[in-house]
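First the structure, in the form of structure tokens, and then the observations on it.
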Amino acid sequence: MKLVLRSLYVATTLSCLWLFSTNATAQIVPDTTLPNNSIAIPNGNSIRIEGGTTAGVNLFHSFQEFSVPTGKEAFFNNSLDIQNIFSRVTGSNISNIDGLIRANGVANLFLINPNGIIFGQNAQLNIGGSLIGSTASSIRFVDGSEFSATKPTAPSLLTINVPIGLQFGTNPGRIENRSQTTAQINLPTLAIPFPFEIPFDNKVGLAVAPGQTLALVGGDIQLDGGNLTASTGQILLGSVASPGLVSFTPTLFGLSLNYENIANFGNIQISNGAIVNTSGIGGGKVDIRGGNVTLSSALIYGITLGNIDGRGININAQNLRVEGGAQIFTPTLGDGKGGDIALHANDSVDISGLGLEGYQRFYNQYLGSGTLNPFDRQIVLLTGTVGRGDAGDINIEAGRLLVRDGVVGGSGSLGAGNGGNLNIRANTVEIVSSAINNGTTKESTGQGGSINVEAQRLIMRDGSNLVSISRSDGASGNIAIKTSESVELSGSLPGSTAQTVIGTNSFDGNGKSGDITIDTKRLSIFDGATISLATGVIIGQTVLSTKGGLGGNLTVTASESVEVSGESGVLGDLGFAPTSLTTLTASSGRGGDIRLSTPLLTLRDGALISAASLGAADAGSITLNADRIVVQGTSKTRGLSSRIEASAGTLLSFDNPNATGNAGSLNLNARELIVKDGAILNVGALGTGGAGNINVVADSIALDNQSSINGRTTSGLGANINLQSLALQLRQGSRINTDAGNATGGNINIDTNTLVALENSDITANAQRGAGGRVSISAQGIFGTQFRNELTPQSDITATSDLGPQFSGVVEINTPDVDPSAGLVELSSNFEDVSGSIARSCAASVGNSFTVTGNGGLPDDPTQALRGRAVWRDVRLVQLGGRGGVAEWGSGRESTIASTRIVEATGWTIDDRGRVKLVAQAPNAAPQSSWYTPPGCHL
């Protein structure tokens, strides 16, 4: 018996040693948990996997361990009618796969190992269907059954149904991919040549057949230099950090993953040159879902070829970081629409570029040559089109979006298709030393896409660009920005020509420049930043392009305030640039208009609002609606005046005396307009074009300390200045003028209640070699100034010409007709001496007086009775009778009445001078009153 047992022990030991040896070689060890167990059969470097349990078109395999060493092959020898191969690992070891996994036909392979899966550098696939690699605990089916890797001994009714999802437990294992295996990529013949190399790499890594799905769903997901390829198919990456079901949703293109039952997500890192690629006929789909997703020196792309629309790239995370030269792009090279790029993060999206040197190089190259290589590594986000199909859109939604360190992104048209739209929604959007560009390139025929930003705050600084440009006959896209709090623009890229810009432009072609719309609470622009809409290009004193279509319009609505202030640092060889809102035409297309509405507009320290023409086309107009407009001061470095200007032939330091375009109008509507400390409101024309008009309607207009409202012209039609206000004030050398060179001076029309001009402040419509203009003033009152034939050190109103008095203009001053003698009575020049009419017997020393009453009025003393208008008044006091009557003497006035008795006249006499005197000859003829005392002179 002992011998038998010993023999059995030896046999069992030998069997285990054989099994261990096989395990060390192939590491594919089936378990015994299925009705029909899996079988692993070694055959050289290949392990053929037979057996398993079949249920309809589903084949189930179960392994204690499943790993494929370097140079080995795991071959699922399934029948061709099998559609799904479900494989689970029930042991405790990670699956290390550094060899080949192969299957017959078009079966989909599900590989489930809750402990983790690592695909090595040599890992590769040769399957006809999709691969779903997961660290879920089980696969669930529609009939409620599960194929569990953590509870393999539980009753398992293997089903013929399709799976409905992956059931995750706690702490699922990680999935890593380092595969860089190679395969030949056959590109279809393209209809048109391209001026750049298309980055198809034969290092496909893990690759499924065209049109299939490659899904890795587990705990943390890491692509460390490893590549994933699903040409025209889809690549799905999901990191799960809490128990729940990731459900499958069937689509025309394969399975889609739904994470609505997952509470927490893990980390996904794609780095070290990793490539995720779905390019092909109808570019495929990339879907990434995780908590913290980081792309570092990685490439995710799906180029659309042929006439089938691409399906794009979608990344959904709690926090997303794209850094170190990582790229995401879905251009279309064919007739199909390119795929969209969608980035969503509950907290933040942080996109950083390769640095400022590469950004400056890209900036200069694109501005100079007009060419764009969509695969330049400086470009981080791109959905452009090189073919006839339209480019896809870029959609970013986050709590906070930060784009920094030289990122370049956008959607452009390089062919016949239209560029895509860029849509951003976030609480805070911050762009630092980076550029987002939509538009068209040279020789393309499509139109540029639009840029739409919706946020609480938009912050752009240090040379950032948010622009849409047309370099062809196609229109550039529009830019629409809506924020609930603020839009803040500042600064420039140090040592470069890159200002912080929100702008649209059209040059090198006839495409229309896009419109810009900003709706916010506060708009703040400072330190040389600009909002610019242009057609044609002029930089400094250099004309780069005089081609271009119609200019775009700028519309700003700020519910609280707009502030534009200061100037830039040194911009390379260009010197300083003012902070500005500008529309400009240097081409044959009319310049755009500026329309701004806000309660408070502040322009200071050399800042500029301008609508200019430097060529043959007319400039746009400026319309400002505000409760209060303050234009103040000069720049600190060059002393450039803060100004609001509509001009032709001149802009800052650039002058073109050959310009033929007309200046636009400057229209201001405000309760209060303040222009002070050298600031300027200006319309003017340097060339043969006409100067525009300045129209101001305000309750009050105040110019102070060398400030001015100008309408100057050289040889074209003179400007008109029309001011309507309740009060107009000019102080300390301020000016209102429409002076002209060779042309007739412009007209000045002022309609105000009061005009005050003090301290050598002038109103002029003078001319040098033409006739003076017309000055028309209607006012209730004019103070401190008057019409003069020439300028003096005082405050003047003039309309003169250097050609002589016969060429002087017209000054009309209209004030109300006031006759200072109206209502006055002419007095006699012969005054009568009334001293003789006073009885000498009544001495003044005892309180007697003589008073000459006028036409009534207020009493000299509040205790006296009101005076009537009659010359004579009966001042006797009588007892008031009747019900409720009160005697007047009882009112406290009795102490003011003289105690002498007044006697009525009962006769008259004629004195020696022939004058009639009334006398009292009946002293006892008086009213019977107890207080009445007969008059008398108490000598």
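The values are calculated or read from the model by the stated rules, or taken from the named source; none is laboratory data. Keep in mind that this is a model prediction, so the values were computed, not measured. Counting neighbours? That spans all protein chains shown, and the Cβs are built from the backbone with ideal geometry, glycine included.
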### Summary
A careful count of residues in the range 622-659 that are surrounded by fewer than 23 Cβ atoms within 10 Å (Cβ to Cβ) and of a type in the set (Asp, Glu) gives 2
### Message
Cβ contacts < 6 Å: first residue more than 10 Å from Ser231 (Cβ to Cβ) and basic (Lys, Arg), restricted to the range 278-299; second residue outside any strand (DSSP E or B) and modelled with pLDDT of 95 or more, any location; separation 6+ or different chain. Result?
### Response
Arg289/Tyr259
### Query
For the range 686-712, which residues satisfy the criterion of being hydroxyl-bearing (Ser, Thr, Tyr) and without any contact (Cβ under 8 Å) to a residue 40 or more places away in the chain?
Thr688, Ser700, Ser708
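Could you please find all residues in the range 40-86 being of a type in the set (S, T, N, Q), in a loop (DSSP other than H, G, I, E, B), within 57 Å of the chain's Cα centre (by Cα) and over 14 Å from Leu100 (Cα atoms)?
Within the range 40-86, just Gln83 meets the criteria.
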#### Entry: Selection within the range 663-677 - over 14 Å from Ala702 (Cβ atoms) and surrounded by fewer than 24 Cβ atoms within 10 Å (Cβ to Cβ)
Ser665, Asn667, Asn669
### Message
Could you go through the range 638-654 and let me know if any residue there is of a type outside the set (Ser, Thr, Tyr), over 21 Å from Arg595 (Cα atoms) and in a strand (DSSP E or B).
### Response
yes
### Task
State which residue pairs qualify: first residue farther than 16 Å from Ser708 by Cβ and inside the range 663-682, second residue aliphatic (A, V, I, L, M) and not in a strand (DSSP E or B) in any location, beta carbons under 7 Å apart, and separation of 6 or more residues or different chains.
Ala663/Ala619; Ala663/Ala691; Gly664/Ala619
#### Entry: Answer residue from the range 297-346, given it is assigned to a loop (DSSP other than H, G, I, E, B) and hydrophobic (A, V, I, L, M, F, W, C) and is surrounded by the fewest Cβ atoms within 10 Å (Cβ to Cβ) among those
Ile308
### Query
What is the one condition in (1) part of a loop (DSSP other than H, G, I, E, B); (2) modelled with pLDDT of 90 or more that Arg377 does not satisfy?
(2)
### Task
Would you please name the residue that is surrounded by the most Cβ atoms within 10 Å (Cβ to Cβ), looking only at residues in the range 488-545 that are in a strand (DSSP E or B), polar (S, T, N, Q) and modelled with pLDDT under 90?
Ser506
### Task
Please indicate, with yes or no, whether at least one residue in the range 436-450 is crowded, with 20+ Cβ neighbours inside 10 Å, in contact with a Phe, Trp or Tyr (Cβ under 8 Å, 6 or more places away or on another chain) and farther than 24 Å from Thr598 by Cβ.
yes
## Note on the structure
Note on Leu372: of the conditions (1) modelled with pLDDT of 85 or more; (2) assigned to a loop (DSSP other than H, G, I, E, B); (3) under 15 Å from Asn438 (Cα atoms), unmet is (1)
### Query
Given Thr713, Thr688, which one is within 14 Å of Ala663 (Cα to Cα), out of contact with any helix residue (DSSP H, G or I) (no Cβ under 8 Å at 6 or more places or on another chain) and surrounded by fewer than 21 Cβ atoms within 10 Å (Cβ to Cβ)?
Thr688
### Query
Within the range 349-363, restricting attention to residues that are of a type in the set (Gly, Ala, Ser) and closer than 16 Å to Val322 by Cα, which residue is modelled with the lowest pLDDT?
Gly355
### Query
Could you count how many residues in the range 82-120 are more than 15 Å from Glu65 (Cβ to Cβ), of a type in the set (S, T, N, Q) and either buried (at least 19 other Cβ atoms within 10 Å of the Cβ) or free of Cβ contacts under 8 Å to residues at least 12 places away in the same chain (or both)?
2
### Task
Can you tell me which residue among Gly387, Gly412, Gly392, Gly439 is at pLDDT 90 or above, closer than 20 Å to Gly336 by Cα and small (Gly, Ala, Ser)?
Gly392
